[in-house]
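Participant: Sharing a structure below in structure tokens format, with a few things to ask.
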Amino acid sequence: MIHNSKPLVTILVAISENGVIGNNGKLPWHISDDLKRFKKITLNQPVLMGRKTYESVVNNIGGALPERENLVLTKQKNRIENAHNVHIFDNIKDVYCWLAVNQKKNLMVAGGTSIYKIFLPVADKLEITHIKKKINGDTFFPEWNQEIWHVKHGPILKDKQNELSYRFSTYSKIKF
């Protein structure tokens with residue numbers, strides 16, 4: 001039986017103080033704890049991303065995210081090779097249909113900018129790593145209304161490898 005309930009949508013992103021999320025198709029930082037947190041939250045969940053984000057993942061780790069269903073939303077379906085645990089969509093309706101048919105209750109959204117713009121209005125939760133520094137980049141997180149979110153900030157931490165300070169924050173949408 002197909003259930004029509006909307007999945008719980010969680011956006012995951014690391015953002016610098018000036019809104020940067022990427023540079024030249026890569027993360028402009030390497031914070032081991034951030035990557036571990038991403039893995040912990042997304043493991044065994046469907047992870048949605050755009051083509052450029054997916055290509056960045058493949059270039060960085062040599063393939064799709066393991067132990068997760070990789071959902072790629074793109075208008076250029078022919079540019080993505082079929083691979084194990086990779087599902088390619090050219091519209092949002094088909095993403096939601098796939099989630100329903102496969103009885104998935106959660107959707108993890110991993111970027112990039114255009115995908116975040118689409119899913120911010122329907123997101124239930126944001127898992128944000130706030131990088132405590134202005135960083136040069138060419139890809140930015142879209143504008144968003146922080147007033148409709150309840151936030152729990154973690155402590156400010158410091159990455160030993162690159163001296164970056166950061167904080168994990170969980171935002172839950174306020175239900176009106």
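Participant: Mind checking which pairs have a first residue in segment 110-130 that is in contact (Cβ under 8 Å) with a residue 60 or more places away in the chain and a second that is among the acidic types (Asp, Glu), Cβ under 7 Å, 6 or more apart or different chains?
Facilitator: Listed pairs, sorted by first residue: THR129/ASP34.
Participant: Does ASP34 fit the bill of being touching a Leu at 6+ places or on another chain (Cβ under 9 Å) and in contact (Cβ under 8 Å) with a residue 40 or more places away in the chain?
Facilitator: Yes: the conditions hold for ASP34.
Participant: Additional query: Select, from LEU48, LEU73, LEU65, the only residue that is out of contact with any Leu (no Cβ under 7 Å at 6 or more places or on another chain) and crowded, with 20+ Cβ neighbours inside 10 Å.
Facilitator: Of LEU48, LEU73, LEU65, the one residue that is out of contact with any Leu (no Cβ under 7 Å at 6 or more places or on another chain) and crowded, with 20+ Cβ neighbours inside 10 Å is LEU65.
Participant: Next question. Would you say PRO121 is in a loop (DSSP other than H, G, I, E, B) and either farther than 20 Å from VAL57 by Cα or not charged (D, E, K, R) (or both)?
Facilitator: no
Participant: If you check every pair at least six apart or on different chains, which have Cβ atoms under 9 Å apart with a residue in segment 56-81 that is assigned to a loop (DSSP other than H, G, I, E, B) first and a residue that is at pLDDT below 90 second?
Facilitator: Pairs found: GLY63/ALA83; GLY63/HIS84; ALA64/ALA83; ALA64/HIS84; THR74/ILE80.
Participant: For segment 76-96, how many residues are touching a helix residue (DSSP H, G or I) at 6+ places or on another chain (Cβ under 9 Å) and within 23 Å of LYS6 (Cα to Cα)?
Facilitator: Count: 6.
Participant: Quick one: which of LEU48, LEU120, LEU43, LEU126 is farther than 23 Å from ARG167 by Cα and not polar (S, T, N, Q)?
Facilitator: One residue alone meets the criteria, LEU48.
Participant: Right, another one. Of all residues in segment 13-45 being within 11 Å of the chain's Cα centre (by Cα) and assigned to a strand (DSSP E or B), which is nearest to LEU99 (Cα to Cα)?
Facilitator: Filtering segment 13-45 for residues that are within 11 Å of the chain's Cα centre (by Cα) and assigned to a strand (DSSP E or B), the one nearest to LEU99 (Cα to Cα) comes out as VAL13.
Participant: Within 12 Å of the chain's Cα centre (by Cα), surrounded by 15 or more Cβ atoms within 10 Å (Cβ to Cβ) and touching a residue at least 40 places away in the same chain (Cβ under 8 Å): does that describe VAL95?
Facilitator: Judged against the criteria, VAL95 is not a match.
The values are calculated or read from the model by the stated rules, or taken from the named source; none is laboratory data. Owing to the predicted nature of the structure, the values given are computational and were not obtained by experimental measurement. As a convention, Cβ positions derive from the backbone with ideal geometry for all residues, glycine included, and neighbour counts pool all protein chains shown.
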